[in-house]
Amino acid sequence: MKLPQFLREPLVHFLLIGLGLFLLYGRVATEGSDSRTIEVSTAHVQDLARQFQAVWSRPPTVSEMQGLIDTYIHDEVLYREGLAMGLDADDPVIKRRVRQKVDVISEEIGNQQAPTDAELNDYLANNSDDFRQAPILSFEQVFFSGDAPADVVERQSREALARLNEGAAPASVGQATMLPSSVRSMPADLVARDFGEEFTKRLESLPLNVWHGPIASGMGAHLVRITGRKPSELPPLAAIRPQVQREWENQRRERNRAEAYQAMLKNYRVVIDPAVATANPTP
């Protein structure tokens, strides 16, 4: 007999396996269970199977599912025995892990609705520097190595500048270099990566289509002609919405975590020994 389509789905197989093993172990979650009772609920079984499928890209078999449950019980027994022996007390690793879990829970407290366009536009306006695109530069450059004495470099570059302004071809002056002689539509931050910050700042204000220099970089001196420049601009929300929403959500999580901490702190009385303020921190 041919099984109905839904019974042939892997997810259905997993649910049937989980239910069978759940009944096999006979551990039904009940209210008020004590610390000596280890409950393996349907939710536990489903979570174990999801973790297995995330790693192996398939549902676990019956024997694999039983092994997962056995491992869960084994870990839970040792964990509870460790707690009973006080092994968690003053353990910095355990404290850090618990703190991280509380932080994650705190981040998700509050309104989790997707932000509106108005909220994102406000965030973009208040954090525009984080999303502003760098200027775009196009230029030609003639190079003079910084290995020569400074006065020699200055004289050679000045002579070359005069020749260029008289119409000489850029390739006929200057020295060989691995740097590009012509740069087209490169963001200013990438120009700075290759030529240096100070060099790039000079290019952002020079008049177009005129040879200038010498302009220093970390490698030497350059004669430069700006052939195109697009100023820095802030894109509209529609063009960068995913980036803006991601940062907006990060800010919301930070705010939720800070507010949750302040709320929890109110439940404690913090006492700091007056001697702490004058104590020498050196062991």
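The values are calculated or read from the model by the stated rules, or taken from the named source; none is laboratory data. Note that the structure is a prediction, hence the values are computed from the model and not measured. Cβ coordinates were reconstructed from backbone atoms using ideal geometry, including for glycine residues, and neighbour counts include every protein chain displayed.
Restricting Arg229, Arg257 to residues that are in contact with a Ser or Thr (Cβ under 9 Å, 6 or more places away or on another chain), within 28 Å of Arg158 (Cβ to Cβ) and either touching a residue at least 12 places away in the same chain (Cβ under 8 Å) or not in a strand (DSSP E or B) (or both) narrows the list to Arg229. Of Val244, Val271, all but one fail to be under 30 Å from Val104 (Cα atoms), in the same structural domain as Glu119 (by TED's automatic domain parsing), aliphatic (A, V, I, L, M) and surrounded by fewer than 10 Cβ atoms within 10 Å (Cβ to Cβ); the exception is Val271. Summed over region 192-219, the residues that are out of contact with any helix residue (DSSP H, G or I) (no Cβ under 6 Å at 6 or more places or on another chain), farther than 10 Å from Gln141 by Cβ and assigned to a helix (DSSP H, G or I) give a count of 6.
Residue pairs whose Cβ atoms lie under 7 Å apart, sitting 6 or more positions apart in sequence or on different chains, and linking a residue in region 68-80 that is under 15 Å from Glu39 (Cβ atoms) to a partner that is of a type in the set (Gly, Ala, Ser) and loosely packed, with under 11 Cβ neighbours inside 10 Å, are Arg80/Ser35. Tyr123 fulfils the conditions (1) in the same structural domain as Gly174 (by TED's automatic domain parsing); (2) within 16 Å of Pro235 (Cα to Cα) except for a single criterion, (1).
Taking the numbered list (1) assigned to a helix (DSSP H, G or I); (2) touching a Gly at 6+ places or on another chain (Cβ under 7 Å); (3) of a type outside the set (D, E, K, R) in turn, His222 passes all entries but (1).
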